[in-house]
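Report on the structure given below.
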Amino acid sequence: MGLEHKLPSGVLLTNVEKMVNFSRSASLWPATFGLACCAIEMMGTGGPRHDMARFGMEVFRASPRQADLMIVAGRVSQKMAPVLRRIYDQMSDPKWVLSMGVCATSGGMFNNYAIVQGVDHVVPVDMYVPGCPPRPEMLMDGILKLHEKIKQESFADQGARA
Ligand code: SF4
């Protein structure tokens, strides 16, 4: 007789990796960090109409040491890039980055020497959200897709990224 026949019903079997990843995905804490107009939509996403709190992430942390999600909301100037990298380095591991809007992802319409042509030149990006600006619904869709990605990751993946 197999083990499953000896266990009482209602017992949930999983492994530590899946359980920890589920907990991580359900309690992402974003760093308080806005760069340009996209940040207004990001703030709207945290408000009562869209209510990010439903997904365990209403707490935008003022300290990067208490955050594990960086939402890059807006264009990244060359001057800001080292600051962004420093905040990323100070965030606790494992951590994830979401690039919000075309400016953060590729420089957008700012094809010039002052703007970084994609934040992935500065930090590793886990999820891209298109748009100018993306609506809160789009940001939340990107966040939910990031939750699914985190659930599929192995600890080795998370360590390699950090
Ligand atoms: S994508 Fe559009 S809304 Fe977002 S920072 Fe660039 S110009 Fe502003």
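Observations, loosely collected:
- Verdict on G34 being modelled with pLDDT of 90 or more and within 16 Å of the ligand (Cβ to nearest atom): no
- Residue in segment 5-24 that is within 13 Å of the chain's Cα centre (by Cα), at pLDDT 85 or above and farther than 29 Å from M109 by Cβ present: yes
- If only residues of segment 70-81 that are within 21 Å of L146 (Cα to Cα) and small (G, A, S) are counted, the one that is surrounded by the most Cβ atoms within 10 Å (Cβ to Cβ) is A73.
- Tally of residues being over 20 Å from V102 (Cβ atoms) and in contact with a Pro (Cβ under 6 Å, 6 or more places away or on another chain) across segment 16-38: 1
- Unmet criterion (only one of (1) crowded, with 16+ Cβ neighbours inside 10 Å; (2) closer than 19 Å to M43 by Cα; (3) at pLDDT below 95) for G118: (2)
- For segment 95-111, the tally of residues that are near the ligand (Cβ under 8 Å from one of its atoms), in contact with a helix residue (DSSP H, G or I) (Cβ under 7 Å, 6 or more places away or on another chain) and farther than 13 Å from G34 by Cβ stands at 2.
- Summed over segment 115-130, residues that are over 21 Å from E148 (Cα atoms) and within 15 Å of the ligand (Cβ to nearest atom) total 5.
- Filter result for V125 (of a type outside the set (F, W, Y), buried (at least 17 other Cβ atoms within 10 Å of the Cβ) and closer than 19 Å to K79 by Cβ): no
- Candidate set from segment 82-98 (those that are among the basic types (K, R) and surrounded by fewer than 20 Cβ atoms within 10 Å (Cβ to Cβ)); member that is farthest from the chain's Cα centre (by Cα): R86
- If you filter segment 37-53 down to residues that are within 16 Å of the ligand (Cβ to nearest atom), in contact (Cβ under 8 Å) with a residue 12 or more places away in the chain and within 13 Å of M140 (Cα to Cα), you find that the one that is surrounded by the most Cβ atoms within 10 Å (Cβ to Cβ) is M42.
- Counted residues, segment 83-101 - those being farther than 25 Å from K145 by Cβ and touching a residue at least 24 places away in the same chain (Cβ under 8 Å): 1
- Segment 116-135 residues that are among the aromatic types (F, W, Y), paired with ones that are within 15 Å of the ligand (Cβ to nearest atom) (beta carbon under 6 Å, 6 or more apart): Y128/S99; Y128/T105
- The single residue among A62, A67 that is more than 16 Å from the ligand (Cβ to nearest atom), without any contact (Cβ under 8 Å) to a residue 60 or more places away in the chain and surrounded by fewer than 15 Cβ atoms within 10 Å (Cβ to Cβ) turns out to be A62.
The values are calculated or read from the model by the stated rules, or taken from the named source; none is laboratory data. Note that the structure is a prediction, hence the values are computed from the model and not measured. Reconstructed Cβ throughout: ideal geometry from the backbone, glycine too, with neighbour counts over all protein chains shown.
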